[in-house]
Amino acid sequence: MKRPSDSATLALLALLLVLALAASAAIGAFGFTPPQMARYLAETAGWLPTREGDALGRSVFVELRLPRVVLAALAGAVLGVSGTLMQGLFRNPIVEPGLAGTSAGAALGAALVFVLGGTTVGGIAAPLGALALPAAAFVGAFVATVIVYRISSSFGKVNVFTLLLAGIAVNAVCTAGTGFLSYMARDPQARNITFWNLGTFTTADWRAVGLVGVAFTACFVATLRYAKALNALMLGEDEAALLGNDPRRVIWRLLAVNTVMVAATTAMVGVIAFVGLVVPHVLRLVRSSDHAFLLPASALLGALLMVVVDVVARVVIPPAELPIGIITAVVGAPVFLWILLRQQRRGSAGFYG
């Protein structure tokens, strides 16, 4: 049977994402029909006169449900693309932002702003205003990722076991720092850090959508330029250099781009693990390892997966909500173990693919 082309696969993923977005926007404590959603959007855009008697439903849909759905899709797209980038840079399919310390570093940076932002020690954050949280998350994420990369590639190649040990160590240090800040924090701050570390879309608003959307769009466009360089890098740094690339420059630029995306997203929705691990691996199994396909496909599949997970989080234990990170961990951890055992059986622990 002939396999579908890359464009057909991307079109199918885009169609499924649109359907998932519509279903997610309709499902919840307030249910909305497609005609209602279309009318609310038209009224908000000024295409139809507003109905005063339906102000509550319109407010819930436009100000609460819609930004949450869009933010979930953006977060999934960021994590999917991030996983693809990190697996290409580290040349190993078990890498993702959580395992490489990126998410934990971002969490530590954000926790510093949560706890110290209003104090003399944290007063440096005051001039940044609303950008203090993503800026601190970026610094923490970048430092953590660079440490893990330096350690895992210290002998000229990325070794999976060294990577895991370095990731565990960096995650432990960052988690300890976040825990210490939670211990120091007042009760509302400590609760915010706790829920934020589990991943949540309950605080979604259009400001968060705008920040994550701008970061993702700019970084995604930048990554598409490096699709061929990532394909070459999969062969090794020496081989990539022979093909006309500067491996070190590619690695550091993409690490910076990846960290901007992940830090902005983590600052807004918290820590969500394993999405970046599962999405690119599934796409490699069913289609291709070409990064010209993987990057856009990872964005679409990551967004689709996160929208579905958000629906599950909202409906599984009503009227409460299950934290997003719990669902992704329950699903992603067994997949991670399967991938690790598969790589070990292949005897390819030291190299990607």
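State whether the chain is rounded, prolate or oblate according to the following rule on the C-alpha gyration tensor (a ≥ b ≥ c being the square roots of its eigenvalues): a/c under 1.5 gives rounded; otherwise a/b larger than b/c gives prolate, and the remaining case gives oblate.
oblate
Round to the nearest 10 and report in Å² the accessible area of Arg51, as given by a 1.4 Å probe over the protein chains' heavy atoms.
Accessible area of Arg51: about 130 Å².
Among Arg342, Arg58, Arg284, which one shows the biggest mean-square fluctuation in a GNM of the chain, springs joining Cα atoms closer than 10 Å?
Arg342
At 1.4 Å probe size, with no ligands or nucleic acids counted, give the accessible surface of Leu66 in Å², nearest ten.
For Leu66, the solvent-accessible surface is approximately 40 Å².
Determine, for each peptide in 30-41, 321-332, the mean count of other beta carbons within 10 angstrom over its residues, then list the peptides with the highest first.
Highest-to-lowest ranking by the protection proxy: 321-332, 30-41.
For the chain, set up a Gaussian network in which alpha carbons nearer than 10 Å are linked by springs, and say which option among Val309, Val95, Val18 fluctuates the most.
Per the Cα network of the chain with a 10 Å cutoff, Val18 tops the list.
Need one number: nm distance between label points at Ser59 and Arg186, each 7 Å from Cα along Cα→Cβ, rounded to one decimal.
With each label placed 7 Å out from Cα toward Cβ, I get 2.8 nm.
How far, in degrees from 0 to 90, does helix 132-152 lean away from the longest principal axis of the Cα atoms of the chain, to the nearest 10?
20 degrees
Just want to confirm a number: the relative contact order over segment 1-105, from Cα pairs under 8 angstrom separated by 6+ residues, in percent.
Relative contact order of segment 1-105: 18 percent.
May I ask you to rank Trp47, Trp196, Trp206 by accessible area, largest first, using a 1.4 Å probe over the protein chains only?
Accessible-area ranking of Trp47, Trp196, Trp206, largest first: Trp47, Trp206, Trp196.
Can you tell me the 0 to 90 degree angle between the C-alpha axis of helix 160-184 and the longest principal axis of the chain, rounded to 10?
Relative to the chain, helix 160-184 is tipped by roughly 40 degrees.
For the chain, what does the relative contact order come out to in percent, with C-alpha contacts under 8 Å and a separation of six or more?
Result for the chain is 31 percent.
Using alpha carbons only, how many degrees (0 to 90, rounded to 10) separate the axis of helix 102-116 from the longest principal axis of the chain?
50 degrees
GNM on the chain, C-alpha springs below 10 Å: top fluctuator among Asp238, Asp187, Asp54?
Between Asp238, Asp187, Asp54, it is Asp54 that shows the largest mean-square fluctuation.
What does the net charge come to around Ser24 if you take all other residues with beta carbon closer than 9 Å to its beta carbon, with K and R at +1 and D and E at -1?
+2
Summing Lys, Arg as +1 and Asp, Glu as -1, what charge do residues with Cβ under 15 Å from the Cβ of Met37 carry, Met37 excluded?
Computed value for this residue: +2.
Based on the Cβ-Cβ distance of Ile27 and Thr50, what FRET efficiency does E = 1/(1 + (r/R0)^6) give at R0 = 30 Å, to the nearest 0.05?
For R0 = 30 Å, the calculated efficiency reads 0.80.
Whole-Hz Karplus ³J(HN,Hα) for segment 56-64, in order, using 6.51 cos²θ - 1.76 cosθ + 1.60 and θ = phi - 60°, x for Gly and Pro?
Coupling constants for segment 56-64: 5, x, 5, 5, 4, 5, 7, 9, 10 Hz.
Please give the per residue accessible area of segment 204-353, computed with a probe of 1.4 Å over protein heavy atoms only, in Å².
43 Å²
Can you give the relative contact order of segment 219-339 as a percent, counting alpha carbon pairs under 8 Å and 6+ residues apart?
It comes to 27 percent, rounded to a whole number.
Quick one: with all protein chains in place, what share of the accessible area of the chain is carbon or sulfur, to the nearest percent (1.4 Å probe)?
Ligands and nucleic acids excluded, carbon and sulfur give 71 percent.
Do the sum for the chain: with -39,500 (n - 2.57) for every DSSP H run of n ≥ 4, divided by all residues, what is the mean residue ellipticity at 222 nm, to the nearest 500 deg cm²/dmol?
After summing the helix terms and dividing by residue count, I get -23500 deg cm²/dmol.
Quick check for you: with a 1.4 Å probe and neighbouring chains kept, what is the accessible area per residue of segment 3-121, in Å²?
Here the residues of segment 3-121 average 40 Å² of exposed surface.
The values are calculated or read from the model by the stated rules, or taken from the named source; none is laboratory data. On a predicted model such as this, the values are computed, not experimentally measured, just so you know. Cβ atoms come from the backbone with ideal geometry, glycine included; neighbour counts cover every protein chain shown. Accessible surface is based on the protein model in full, side chains and every heavy atom, while ligands, DNA and RNA are left aside. Shrake-Rupley method; radii C 1.70, N 1.55, O 1.52, S 1.80 Å.
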